[in-house]
1. Place the peptides 106-114, 119-127, 33-41 in order of packing, highest mean first, counting for every residue the other Cβ atoms within 10 Å and averaging per peptide.
2. So how tilted is helix 160-176 from the main axis of the chain? Cα-based, degrees 0 to 90, rounded to 10.
3. Let me spell out the model: positive unit charges on the Cβ of Lys and Arg, negative unit charges on the Cβ of Asp and Glu, origin at the Cα centre of the chain. What dipole size does that give, in debye rounded to 20?
4. Please give the peptides 204-211, 193-200 ranked by average Cβ packing (other Cβ atoms within 10 Å per residue), highest first, as a rough proxy for protection.
5. When the helix-only estimate is applied to the chain (DSSP H runs of n ≥ 4, each -39,500 (n - 2.57), divided by the residue count), what is the mean residue ellipticity at 222 nm, nearest 500 deg cm²/dmol?
6. For segment 28-66 and segment 160-225, what is the separation of their Cα centres, given in Å?
7. Rounded to a whole number, what % of the accessible area of the chain do carbon and sulfur atoms account for, probe 1.4 Å?
8. Give me the accessible area per residue for segment 1-68, probe 1.4 Å, as a whole number in Å².
Amino acid sequence: MAAVNALSVEIRRKSYPGMVLFDGFRLTLPAGGFTALVGPSGCGKSTLLNMVAGLDRDFDGAVRLPAGRGGDPVLGYVFQNPRLLPWYTVAENLALVLRHRPGWPALAAAWLRDVGLEGQGGAYPARLSGGMARRAALARAFAVEPDLLLMDEPFVSLDAITARRLRALLAGILRAHPTTVLFVTHDVREAVALADRILFLSPSPVRVLLDLPVGLSAEERADEDAVERLCRDLRRTHGALLEGGG
C-alpha cells in the first residue's frame, strides 16, 4: 500500500446546544495503520467516527479520503451493537453488502468460515450468542473490502475471554486482509494489544493529549505478559492521563 494518508479530517467546529464538542480539531491516518482513540465517555469519539462515515454532516469542516481501489473509497463500520437485521439470516445479512457480486453465496460462506461461523449462515441473529453476533458483524464489515474500517467499541460488554478471542480474530483477519483502521475503545489494554498508534483525547472541546506509537511486534501483541508490561509502563509514565481517559 502506498505511503499516503488514508484519511484527513479537519473539524473547525462541531457543537450542540450549550456545548462545543470540536473546535479546530485535525486528524490524519496513514494508509494501512491501526489507530485507536481513547478518551473519557462523552468526549466525542463516536461522533468523530460518524462524521468520518458521513452519518453526521452537521459540522463545519471537511473529511477527505483518497480514491479507493475501485474509484470511490469504501468504508466499513463495526458498531457497538452488531446491528444485524433480525428478520434476515446471518448469510442474508452478509448478502446486503455482497449481493451485487457474482457468486455472493460462496463469498458469504467463505467470510463466515474465516470468522469461525461456518455452518451458521442459516441462523437468525436471535439464535446467536453475543460473541457470534460480533463475528458476523466483523464478516460483514470486511466483506465490502474496505479502504477504511471504522470500529466503535466493537467488543464492549463481552466477557474477557470472548473479547480476547475476538481481538485475536481481528488481528488475524487484518493480517490476511490489511486495511486502515480507526478504532474507538475505553480499554487501554485493548488499544495496546491491537493498535500501532494510540491517540488519547481530552474532554470537549476535543484535542489530542498524547499521540503514542505502540512498538509491539505481532508476536508481542499475542503475548499477554508483553501487553501487560507495556500497560504498566504507560501507567507509570502517563498514569493521570490514563485514569482520566481510559
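1. Numbers: 106-114: 18.0, 119-127: 14.2, 33-41: 21.4.
My ranking of the peptides, most packed first, is 33-41, 106-114, 119-127.
2. Taking Cα atoms only, the helix is inclined about 80 degrees.
3. Details: 28 positive and 26 negative charges, 64 e Å.
Taking the Cα centre of the chain as origin, the dipole is about 300 debye.
4. Numbers: 204-211: 17.0, 193-200: 22.0.
So the order, starting with the most tightly packed, is 193-200, 204-211.
5. Details: 8 runs with 93 residues, N = 246.
It comes out at -11500 deg cm²/dmol, rounded to the nearest 500.
6. 16
7. On the way: 6150 of 11930 Å².
Carbon with sulfur: 52 percent of the solvent-accessible area.
8. Numbers: 3210 Å² over 68 residues.
The answer is 47 Å² per residue.
The values are calculated or read from the model by the stated rules, or taken from the named source; none is laboratory data. Keep in mind the model is a prediction, meaning the values are calculated, not measured. Don't worry about glycine lacking a Cβ; one is built from the backbone with ideal geometry, like all the others, and counts go over all protein chains shown. Quick note on the areas: whole protein, heavy atoms, side chains included, nothing else; ligands and nucleic acids left out. Shrake-Rupley method; radii C 1.70, N 1.55, O 1.52, S 1.80 Å.
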